[in-house]
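Data block below; observations after.
Values quoted throughout were computed directly from the atomic coordinates according to the rules given, and no laboratory measurement underlies them. In this text the structure is predicted, and so the values were computed from the model without any measurement. All Cβ positions, glycine included, derive from the backbone under ideal geometry; neighbour counts span all protein chains shown.
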Amino acid sequence: MRFFSAETNAQKVKMLKSIPIFHTLTRKEILEVDELLYERVYEKNEIVFEEGDPGHGVFIVVTGKLRADPGHQLLKTALLDIGPGETVGELALFDEGPRSATVVAIERTVTVALFQAEFSTLLMKNKSIGVKVLVELARILSRRARQLLQHEKHLPTL
Amino acid sequence: MKPFPQPGAVTLLVVILSTCLLLLLFQKMIWLVLPVLLALLLYYSLRPVVDALVVYGAHRETAAKVVCLVQMIVAASLLVLVLLFLSKAGASQDSLARYLTGGQNLLKKSTGALERAVPIFQRMKLSEQVNDQHVRDFTDKFVQKNLLPISLQLLEWLPSLLLVPYITYFMLTDSTRLKKYIIKSVPNAFFEKALLLFSHLDTSLQSYFQGLLVLTFLEGTTLAIGLSLVGIPHALWLGFAAAVLAWVPYLGSVVGCIMVVLVAATDFPEKPGMAYACLALFLGVRLIDDFIYLPLTIGRQLHVHPLLSVLMLFLGATVAGATGLVFALPLFGVVAVIGETVAQVVTDQRLRARYRAARQLAALCERI
């Protein structure tokens, strides 16, 4: 029986490397990050998290699709469907504020979750991984901000 | 560190009762609890070293093996040194009797001086209360009643203590996998809460054990410096032995103080002032401990109200004796965090509704 055995294999490393926020990491760094990732499977129509829930981590879609249903009108113009390789709930990595949207699986979806407290510990322990992941997260957040700005022309450009 | 949410009245009651039940269980399984506790202490003190080695390129297993090996060598060397010290100091029933006689002489001198200084004590015939026969009877009874059972208990614990490096090694290598394995069985609706609970428990235990080590070091160093200034031989050993004994709240400090006072009274029978100086030193260190060291180390981490701490210590001692005194506060801290999270989950209608819906969906998917 392999209860607590290491499950990381070449295929998993390849899969993790294909996720944008991890694609700049080396194999060794991927293995270290993998120790902090939790795989969750959501059935079709299952809620991942609800708007207003305290956010504790980011979900990365491996297979399947999630749909975000934000309460705020402005956010409805942003990305609503989250497919493989995309992330949802990134802001929870930086603060424990309430979730800004309800996210539901629109088909059977496999995700990996990165928890905020463990991410913070990783940033302190291994700055190399921290910098790489943070740069990718900043790219995702700036892309989302630009999408919002394109839809809402009256918002000032920063 | 953020303070953990304080439990409500009903939760608090359940937490106190659960802590008492666990203490009772711990007392029955002390042979297993003790090595696990020591392994946790080592795990939290060695984990930063293993993490640092991993960052510098070592494999986690290799890093854990190296760190555990070094730790075992250090522990074995310390054990040899302690045994050498004990054999040099002549730790046997005879020497115990010698130290008790030394203490008795000090007591007689002190009561004599008190009688001379305060007439009411003379009328009470204070020195007759501590006559040789009383003390000899007490010593013999103590040795017969306690020394042999304590020695047998120590011998009984010895094999289980061999588990400590073994448990520590596997905690250092597999704790993350074990955690992932447990989290895997948690339903999606409670996943984030479960992770939060693990994080709080980990932070709480890490702060407690690391705080305990820092506190022991500070207390041991202060006592060692104080004792060497007073002129007591083997000040370092005695200081750190007293600091380790202080792991048992209140009772441990008293035993440590008596141990040092007996040494001073026996080694310097003509200078009772040295024994009094040791007593004063212990009282001083106790104050420094309570007002400076403890708030800076463990007290800051546990977030338990002082009144509740005292109540838990009394309850712990009543339910499980010395075991209860040692474990009451850390166990209460852990059970409080678990109790608070469980209470949040039980009272959160949204989470429970989400869980029920997810179960229905899973059942539906299975039928399809």
Q: Any chance you could tell me what percent of the C-alpha pair distances in segment B:160-305 go past 25 Å?
A: 47 percent
Q: Over the whole of A:42-55, what's the average partner chain Cβ count within 10 Å per residue? Rounded to a whole number, please.
A: 5
**Q.** For residue A:126, net neighbour charge (Lys/Arg +1, Asp/Glu -1) across residues whose Cβ lies under 11 Å away
**A.** +1
Q: Per residue of B:356-364, count partner chain C-beta atoms within 10 Å of its C-beta, then hand back the mean as an integer.
A: 3
Q: Could you work out the equivalent-ellipsoid semi-axes for segment A:10-151, taking the square root of 5 times each eigenvalue of the Cα gyration tensor, largest first, in whole Å?
A: 24, 17, 14
Q. Across peptide A:116-124, how many C-beta atoms of other chains are within 10 Å of each residue C-beta, on average?
A. 3
Q. In nanometres, what is the gap between the two model label sites at residue B:292 and residue B:12, each 7 Å from Cα along Cα-to-Cβ?
A. 3.3 nm
Q) For segment A:10-151: lysine pairs with Cα atoms under 15 Å, gap of 8 or more or different chains, count? A) 8
Q) Once you wrap a convex hull around the alpha carbon atoms of segment B:267-358, what is its projected area averaged over all directions, in nm²? A) 9.9 nm²
Q. Can you list the HN-Hα couplings for segment B:254-261, worked out from phi with the Karplus curve (6.51, -1.76, 1.60; θ = phi - 60°), rounded to whole Hz and with x for Gly and Pro?
A. 5, 4, x, 5, 4, 4, 5, 5
Q | Compactness of segment B:1-85, expressed as Rg and Dmax over alpha-carbon positions, Å | A | 19.0, 53
